[in-house]
Amino acid sequence: MFLATFLIGLREGLEAALVISILLACLTKVGRSDARPKIWWGIGTATTISLMAGAALTYGRYGLSFEGQELLGGGLSLLAALMVTTMVFWMAKIGPSLKQELETSARAALATGSGWAMFWLAAVTVGREGLETTLMLWAWSTAPQALAGAVAGILLAVALGLAINRGMMRFNLSRFFTVTGALLIVMSAGILAYGIHDLQEARFLPGPFSGAPITPTNFRTGEVLVGFTTTPFWGASFPFGWAFDLQDYIDPSGAVASILKGTIGFTPLMSWLEVIAWALYLAIVFPLWMRQQRRAALAPSRS
């Protein structure tokens, strides 16, 4: 989990840091340093709201029943997967012209004269990244190593942002966002599968949990069916039973299982709906994202 949350914190944090760096540089360019405090107030406000949202989601769920917690967790996981997917596609599309777009928005904001429009521009920009990070990390909020990874990633992102802004470091940002975009798509598939798992545990979706609708079980023993089991007496495990059960080979609480769950969303015991959602997401989203990347790469040469 540390690696997964570290990457999320680094990606989201660096994106926000670069945006703020561009806004600050724009103020210097147009001679409006008086508006700098407005940007920092916007950053502080957005950060506070993100932290409050995370605290509310984390501690508020304890007042819910088990099914309520799982339903909330599953719904937020699906929302997080949607937000990450949207963000990755947006960055692939606007990445090459991000600086120009932000400078145009900043100049329009400064045209009002007071500079408070810069507060809202910074608050919305950082707030969006903060809320995306909150939703993506919420599922792992009770794991110390996950929180440590997120904090480490954000701190490194801030350091890199400062170094880039001051001209102390240069690296290929386009390649960085391409690589992390691909990794985030894979992670998002795992978040989606995790959300499906929670919704099945909440009995909101049919699945292999006791009390869930349409749970396929062994007629004789009552055990939930696994794999492609299908006999006249046992029934069929597909599509609402377990896809596989590797708990005898991979310890669910071990390091290997934690790494696989935190990176690609794999767990030793997964339902068919989880596997189907994971595979369909990657089969649809990854090719579309690669096509968007190619279009963005060709756009400068065409202009």
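Quick notes
- Rounded to the nearest 20 debye, the dipole size of the chain about its Cα centre is 1520 debye, using +1 on the Cβ of Lys and Arg and -1 on the Cβ of Asp and Glu.
- Positive-end residue of 91, 190, 136, charge dipole of the chain with Cβ unit charges: 91
- Once the 1.4 Å probe is applied to the protein heavy atoms, the chain comes out at 51 Å² accessible per residue.
- Of the chymotrypsin sites (Phe, Trp or Tyr not before Pro) in segment 237-295, those whose Cβ has at most 11 other Cβ within 10 Å and which sit in DSSP loop: 249
- Placing R0 at 22 angstrom, the Cβ-Cβ distance between residue 159 and residue 179 gives a FRET efficiency of 0.70 after rounding to 0.05.
- Shown here: volume of the Cα convex hull per residue in Å³, derived from the displayed model; of the candidates [x] 147; [y] 294; [z] 134, it corresponds to [x].
- Per-residue extension of 0.36 nm, minus the Cα-Cα distance of residue 30 and residue 288, leaves a gain of 89.0 nm for this segment.
- At an R0 of 41 angstrom, the distance between the Cβ atoms of residue 223 and residue 58 translates into a FRET efficiency of 0.75.
- Surface composition of segment 9-88: carbon plus sulfur atoms hold 73% of the accessible area, using a 1.4 angstrom probe and ignoring ligands, DNA and RNA.
- Estimated 222 nm signal from helices in the chain, with DSSP H stretches of n ≥ 4 weighted -39500 (n - 2.57), rounded to 500: -24000 deg cm²/dmol
The values are calculated or read from the model by the stated rules, or taken from the named source; none is laboratory data. None of these values were measured; they are calculated from a predicted model. Virtual Cβ from ideal backbone geometry, glycine too; neighbours counted across all protein chains shown. With ligands, DNA and RNA removed, areas are computed over all heavy atoms of the protein, side chains included. Shrake-Rupley method; radii C 1.70, N 1.55, O 1.52, S 1.80 Å.
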